[in-house]
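Colleague: Supplied in structure tokens, the structure appears directly below.
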Amino acid sequence: MQKGSFLKRSLAGVSAAVMMLTGNAVPTVTAAVIDKDNPNNYHNYAEALQLALCFYDANKCGDEVADDGYYSWRANCHVKDGVIPLTPMTPMPEVGKGKTDDQLKEDQGLGAGDDGKTKPNLGDDDPDLYVGVNMSQEFIDKNKKYLDPDGDGTLDLTGGWHDAGDHVKFGLPGSYSASTIGWGYYEFRDSYKELGLDKHVEDELHWINDYFMKVTFMDDKDNVVAYCYQVGEGNNDHNYWCPPELQVEDTMVASSSCAVKRPAYFATEEMPASDQCAGAAASLAINYLNFKDTEPEYAEKCLKYAKALYDFAVKTHVEEWNPGEVPSCSSLGYDGGFYTSSYDYDELAWAAVWLYYCTEDYDYINDIIAVDETTTNAKGAHPYTGYMKRIITDTGNCWQNIWVHCWDTVWGGVFAKLAPVTNTARDWYIFRYNLEFWSGCKESVDSSEWGYEPVHTHKYFGMDDYLWNTPMTADEIPSLPDSKTSSDFIAKSPKGWAVVSGYGSARYNTAAGLCACVYAKTTKDETFLPWARAQMEYILGNNPMGYAYEVGYGNNFASHPHHRASHCSATQSMDDPITQVHTLWGALVGGPDLKDNHVDQTKDYIYNEVTDDYNAGFCGDLAGLYHYYGRKGGIDAKENHIIENFDMSGNAKGYEQVDENGNSLPVGYFVSGGKAQEKDDGIQLKIVLHNRTVDPPRFECDVKARYYFNIKELLDEGYDIDYITARIDYDQVAGYSDNKSHAVLSDPVKYDDKGTYYVEITWKDCKFYGSRVYQFALTTKMDQQKYVYPKWDSSNDYSYSDLVSFEDDNSAAAITDKITLYADDKLIWGVEPDGTTPSADEPINVSNKNVNYGDADCDGVVTIADAVAVSRYLANAKKYPLTEAGKLNADCVDAGKGITADDVTAIQVIASGSVNGSDLPLTASSLKKITAKK
């Protein structure tokens, strides 16, 4: 849902004040939004859940984002994911081989990695790097009819979620997030429905699971041929800091392009990624359960894909293993060093347990827990042969989970769903021990300020070799004795915050909270709920920092998440703007450390990272806490309510755009200006055009600025306008484009009969975001009869009054409304000399009469991808639809008569630069003449 207004949040008072724009360094801001007089409600799980879902709308990717109706400041992006070349990439990545137990101890918790991490420089200048797919030509040829049924040589992989504040679609965190959101909805559907949030969460689940099915390619027998688990390359993506809408070819953000090459990584038989396939299978299986009663046909489709992906994961799983030893896996997906998978056994188990819930086929459970009872070691134990063998080698041993359900290790979720099925002491022990570990502490620890009474012991379920085949139900657990030897618990901050890793501590904490709520639901034992409630209080603001770690929650919250789209920089800098442009509602930031400290700073990807997997457990945790405490009859019921008529696209308080001196700054299109070399016969002028469109950010062209001046002094001396001449001194557009584009300075135009004229600077076909400088001089010509230069006082000119000198500081300029700005000949910025101001009655959208001919995919530029999109549309409009705007743009020959093959040809001509924008739309005869010349 795009808004056309240039200045949706343009700030009042700009016309009355002169605001300086200089090249000074922007100070770093580390302060959250704080209102000490109005502390947060620490128990409004309803509002927190309402906001938390919004994060996924901010991270949507593809050619349908603008139509989804959630955020006005997000628009279509990475539409070229729809035409990824079906060609082998060079070099081909290696198949992942997982981690040893020692490596796990060192690496766990590092998670995504992000900007600032040390990564190899792979040389983005290499034209073959980051292009194509990880398939051999032989594989492509063999399976082309399944991969490329329309034969256009490309793959449509649009859709899905960006991973974090970056724009890669990573596999494991994506499938983990989808499955965990689905799990929370499955367990606490009542909370979502009661709050009226069921439609929103179902929209999110549709979006991501539909994408998983879209990028799964199957043969005639519904067997998986290939599954795309990653689009984009982290090492490349992290070179750019701009909103995703601006990563478009033949454009510029600040001084360089942010266009990014996005390869696609597939799981195939030749390049297996069993962990990735199993993760997606789990999400689709849960999606079946969530929709089987309301959308049965859709649910069955999800189940079909879930089974196929699981079977493919099993088929392509490669391991080295001797019975009774820890196995190693060598069939893991590529991640570029950002989300390195430990192994695939947990994802396989996660998919299998959910497929059991879908089908009640116990073979799926056996895949997890199978034991070879025909083999016995010296101690009388039997080796595990199911997926459990990765964590428990034989029946003489058991396992203590001292981690948590997360993107790399989903055992926490596996045992939460496995224990109620097997009802063995082993599975209940593993499920419960993890929650004791998270919530408890030794008796010697002072927990008086924690807000809950922690457990100090672990339940004793029996000897390890007793647990594996001993029946036990949840009802038996409370009466078990306490262990006399086991007293290990997770580290806690002075205020009781449980921290398993300082990198994204809140994501792990809330995932454990979800497990605590599921344990209470499954066992009717609410032992761990007070801990989960206290931890959520801490997250929502009851902490030493005094603000919530959920963006936009209450009156006090972190407001500088590490997120390109919400920050919306026009300079590719994490420090500019000072205040983020958009409120990233509901994003759970990384969170505090073991000292209860947090840094609210955009560039801090440790404390303030935001990702899909951070919010996944958070949503389920909130839904569970609402179920137990926030509903009618709960102790927090009076404090729970959603925000009625919530405007996601609006901002929370504290998001005013200001410069380094605290002066207000406008957004949209505006102008600043400067002066130099003032003499009695002329002046040098600088006009800076600013594109700060934010709702959404976009590239526009065909904009012009007007500088008004008065020549009364010349007229009084008998001279006329012919004695004014212009000199072009600097055109930044030309410099940045290697002279491929230029701003154009007009001759003087008469404005009134009082000696007022203006010149226009037109930026045509200049697609940039940020600012562009144009410097020129207006001087008098020599009087050839008197051999003098007529005197002209430029200081009394209308557009002069707000200007500042840039003689000592070349970057100095002042925002002024006396230099007016126009698009489609409509005033969009400033005040004309007669007092005319931009119309507030109708929004203005800068475009070529609101149609960008040839731009079928609506990404702001015309490329060969648009021709491909139209060709696909003509071949199969149902499968390859165009948006309404896309249809208007595509109809560029005899406009109004419908889209034909001529339009495909015309778009190719437009993309080649062989026709001017002013000549569009074309007629059939003019197209014929153009193509004949070629």
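The values are calculated or read from the model by the stated rules, or taken from the named source; none is laboratory data. Computed from a prediction, not measured in an experiment: that's the story for all the values here. Neighbour counts are summed over all protein chains in view; Cβ atoms, including those assigned to glycine, are modelled from backbone coordinates with ideal geometry.
Colleague: Could you list, in sequence order, all residues of the range 817-841 that are among the acidic types (Asp, Glu), under 34 Å from the mean Cα position of the chain (by Cα) and assigned by TED's automatic domain parsing to the domain that holds Glu700?
Modeller: Answer for the range 817-841, where residues must be among the acidic types (Asp, Glu), under 34 Å from the mean Cα position of the chain (by Cα) and assigned by TED's automatic domain parsing to the domain that holds Glu700: just Asp824.
Colleague: Would you say Tyr605 is surrounded by 23 or more Cβ atoms within 10 Å (Cβ to Cβ), of a type outside the set (S, T, N, Q) and in contact (Cβ under 8 Å) with a residue 60 or more places away in the chain?
Modeller: Working: surrounded by 23 or more Cβ atoms within 10 Å (Cβ to Cβ): yes; of a type outside the set (S, T, N, Q): yes; in contact (Cβ under 8 Å) with a residue 60 or more places away in the chain: yes.
So Tyr605 passes the test.
Colleague: Enumerate the pairs (first residue in the range 136-153 and surrounded by 13 or more Cβ atoms within 10 Å (Cβ to Cβ); second residue anywhere and modelled with pLDDT under 95 and hydrophobic (A, V, I, L, M, F, W, C)) with beta-carbon separation below 7 Å, excluding pairs fewer than 6 apart on the same chain, so at least 6 apart or on different chains.
Modeller: Qualifying pairs under 7 Å: Asp150/Ala875; Asp152/Val868.
Colleague: Could you say which residue among Tyr655, Tyr719, Tyr707, Tyr628 is more than 30 Å from the chain's Cα centre (by Cα), closer than 30 Å to Ala46 by Cα and among the aromatic types (Phe, Trp, Tyr)? Explain how you work it out, then say what you get.
Modeller: Working: Tyr655 fails: more than 30 Å from the chain's Cα centre (by Cα); Tyr719 fails: closer than 30 Å to Ala46 by Cα; Tyr707 fails: closer than 30 Å to Ala46 by Cα.
Exactly one residue qualifies, and that residue is Tyr628.
Colleague: Answer with yes or no whether Leu172 is touching a Gly at 6+ places or on another chain (Cβ under 8 Å) and at pLDDT 95 or above.
Modeller: Taking the combined requirement at face value, the residue satisfies it.
Colleague: Same structure again: Say we look at the range 499-524 and pick out the residues that are surrounded by fewer than 24 Cβ atoms within 10 Å (Cβ to Cβ) and in a helix (DSSP H, G or I); which of these is farthest from the chain's Cα centre (by Cα)?
Modeller: Result: Thr523.
Colleague: Assess whether Gly770 counts as being more than 38 Å from the chain's Cα centre (by Cα) and either crowded, with 16+ Cβ neighbours inside 10 Å or over 24 Å from Val915 (Cβ atoms) (or both). Break it down into steps so the answer makes sense when it comes.
Modeller: Values: more than 38 Å from the chain's Cα centre (by Cα): no; either crowded, with 16+ Cβ neighbours inside 10 Å or over 24 Å from Val915 (Cβ atoms) (or both): yes.
Answer is no for this residue.
Colleague: Let me ask another. Residue by residue through the range 274-306, note down the ones that are in a helix (DSSP H, G or I), surrounded by fewer than 20 Cβ atoms within 10 Å (Cβ to Cβ) and among the charged types (D, E, K, R).
Modeller: Scanning the range 274-306 gives Glu297, Glu300, Lys301, Lys304.
Colleague: Scan the helices (runs of 4 or more DSSP H) fully inside the range 401-477 and keep the ones with 3 or more residues being among the hydroxyl-bearing types (Ser, Thr, Tyr). Let's see the steps before the verdict.
Modeller: Numbers: elements: 411-422, 425-439, 464-467.
Per the criteria, 425-439.
Colleague: Report every pair of residues separated by at least 6 positions or lying on different chains whose Cβ atoms are under 9 Å apart, first residue within the range 35-63 and closer than 30 Å to Pro881 by Cβ, second modelled with pLDDT under 95 and among the acidic types (Asp, Glu).
Modeller: Asp57/Asp68; Lys60/Asp68; Asp63/Asp857; Asp63/Asp859
Colleague: So, in the range 480-498, of the ones that are of a type in the set (D, E, K, R) and assigned to a loop (DSSP other than H, G, I, E, B), which residue ends up nearest to the chain's Cα centre (by Cα)?
Modeller: Ranking the candidates gives Lys495 first.
Colleague: Report, ordered by the first and then the second residue, all pairs with beta carbons closer than 6 Å, sequence separation of six or more or different chains, a first member in the range 693-720 that is on the phi > 0 side of the Ramachandran plot, and a second member that is of a type outside the set (A, V, I, L, M) and surrounded by fewer than 18 Cβ atoms within 10 Å (Cβ to Cβ).
Modeller: From residues that are on the phi > 0 side of the Ramachandran plot, the pairs are Asp702/Lys764.
Colleague: I'd like to know if the range 556-576 contains one or more residues that are out of contact with any Lys or Arg (no Cβ under 6 Å at 6 or more places or on another chain), surrounded by fewer than 24 Cβ atoms within 10 Å (Cβ to Cβ) and of a type in the set (A, V, I, L, M, F, W, C).
Modeller: There is no residue in the range 556-576 that is out of contact with any Lys or Arg (no Cβ under 6 Å at 6 or more places or on another chain), surrounded by fewer than 24 Cβ atoms within 10 Å (Cβ to Cβ) and of a type in the set (A, V, I, L, M, F, W, C).
Colleague: When the range 106-135 is examined, which residues are found to be modelled with pLDDT under 55 and surrounded by 15 or more Cβ atoms within 10 Å (Cβ to Cβ)?
Modeller: Gln108, Gly109, Leu110, Gly111, Ala112, Gly113, Asp114, Asp115, Lys119
Colleague: Considering only residues that are out of contact with any strand residue (DSSP E or B) (no Cβ under 9 Å at 6 or more places or on another chain), free of Cβ contacts under 8 Å to residues at least 40 places away in the same chain and of a type outside the set (Gly, Ala, Ser), look in the range 900-924 and name the one that is surrounded by the fewest Cβ atoms within 10 Å (Cβ to Cβ).
Modeller: So the residue we want is Asn916.
Colleague: Here's a follow-up. Give the range 645-681 a look and list any residue that's out of contact with any Ser or Thr (no Cβ under 9 Å at 6 or more places or on another chain) and on the phi > 0 side of the Ramachandran plot, or say none.
Modeller: Passing the criteria: Asn645, Gly662, Gln677.
Colleague: Anything in the range 657-685 that is in contact with a helix residue (DSSP H, G or I) (Cβ under 8 Å, 6 or more places away or on another chain) and of a type in the set (D, E, K, R)? List them, or say none. Spell out how you get there, then give the answer.
Modeller: The initial filter retains those residues of the range 657-685 that are in contact with a helix residue (DSSP H, G or I) (Cβ under 8 Å, 6 or more places away or on another chain), namely 664, 666, 670, 673, 675, 678, 682-683.
Residues satisfying the conditions are Lys675, Glu678.
Colleague: Considering every residue within the range 467-484, establish whether at least one is touching a helix residue (DSSP H, G or I) at 6+ places or on another chain (Cβ under 7 Å), surrounded by fewer than 22 Cβ atoms within 10 Å (Cβ to Cβ), outside the structural domain of Glu47 (by TED's automatic domain parsing) and among the hydroxyl-bearing types (Ser, Thr, Tyr).
Modeller: yes
Residues checked against (1) over 17 Å from the mean Cα position of the chain (by Cα); (2) outside the structural domain of Gly554 (by TED's automatic domain parsing); (3) outside any helix (DSSP H, G or I):
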{"residue": "Cys54", "(1), (2), (3)": "no, no, no"}
{"residue": "Ser72", "(1), (2), (3)": "no, no, yes"}
{"residue": "Gly82", "(1), (2), (3)": "yes, yes, no"}
{"residue": "Pro91", "(1), (2), (3)": "yes, yes, yes"}
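Colleague: Here is a follow-up. Name the residues in the range 797-836 that are surrounded by fewer than 21 Cβ atoms within 10 Å (Cβ to Cβ) and basic (Lys, Arg), would you?
Modeller: Within the range 797-836, just Lys826 meets the criteria.
Colleague: Return yes when Tyr356 is over 29 Å from the mean Cα position of the chain (by Cα), at negative phi and among the aromatic types (Phe, Trp, Tyr) and no when it is not. Before the answer, list the steps.
Modeller: Details: over 29 Å from the mean Cα position of the chain (by Cα): yes; at negative phi: yes; among the aromatic types (Phe, Trp, Tyr): yes.
Taking the combined requirement at face value, the residue satisfies it.
Colleague: Specify which of the listed residues (Thr251, Thr316) is modelled with pLDDT of 95 or more and hydroxyl-bearing (Ser, Thr, Tyr).
Modeller: Answer to the check: Thr316.
Colleague: Just to be sure before I move on: is Thr527 touching a strand residue (DSSP E or B) at 6+ places or on another chain (Cβ under 9 Å), more than 19 Å from Trp161 (Cβ to Cβ) and not in a helix (DSSP H, G or I) in the structure I sent?
Modeller: The answer is no for Thr527.
Colleague: Looking only at the range 425-466, which residues are among the hydroxyl-bearing types (Ser, Thr, Tyr) and over 13 Å from Ile490 (Cα atoms)?
Modeller: Tyr429, Ser444, Ser447, Ser448, Tyr452, Tyr460, Tyr466
Colleague: Of all residues in the range 155-214, which are in a helix (DSSP H, G or I) and polar (S, T, N, Q)?
Modeller: Matches in the range 155-214: Ser175, Ser177, Ser179, Thr180, Ser191, Asn209.
Colleague: So if I check each of Cys242, Cys228, which one is touching a residue at least 60 places away in the same chain (Cβ under 8 Å), farther than 20 Å from Tyr71 by Cβ and surrounded by 24 or more Cβ atoms within 10 Å (Cβ to Cβ)?
Modeller: On the way: Cys242 fails: farther than 20 Å from Tyr71 by Cβ.
Among Cys242, Cys228, only Cys228 is touching a residue at least 60 places away in the same chain (Cβ under 8 Å), farther than 20 Å from Tyr71 by Cβ and surrounded by 24 or more Cβ atoms within 10 Å (Cβ to Cβ).
Colleague: If you don't mind, another one. Identify, from the list Thr424, Thr385, Thr409, the residue that is without any contact (Cβ under 8 Å) to a residue 60 or more places away in the chain and either out of contact with any Phe, Trp or Tyr (no Cβ under 8 Å at 6 or more places or on another chain) or of a type in the set (S, T, N, Q) (or both).
Modeller: Sole residue among the options that is without any contact (Cβ under 8 Å) to a residue 60 or more places away in the chain and either out of contact with any Phe, Trp or Tyr (no Cβ under 8 Å at 6 or more places or on another chain) or of a type in the set (S, T, N, Q) (or both): Thr424.
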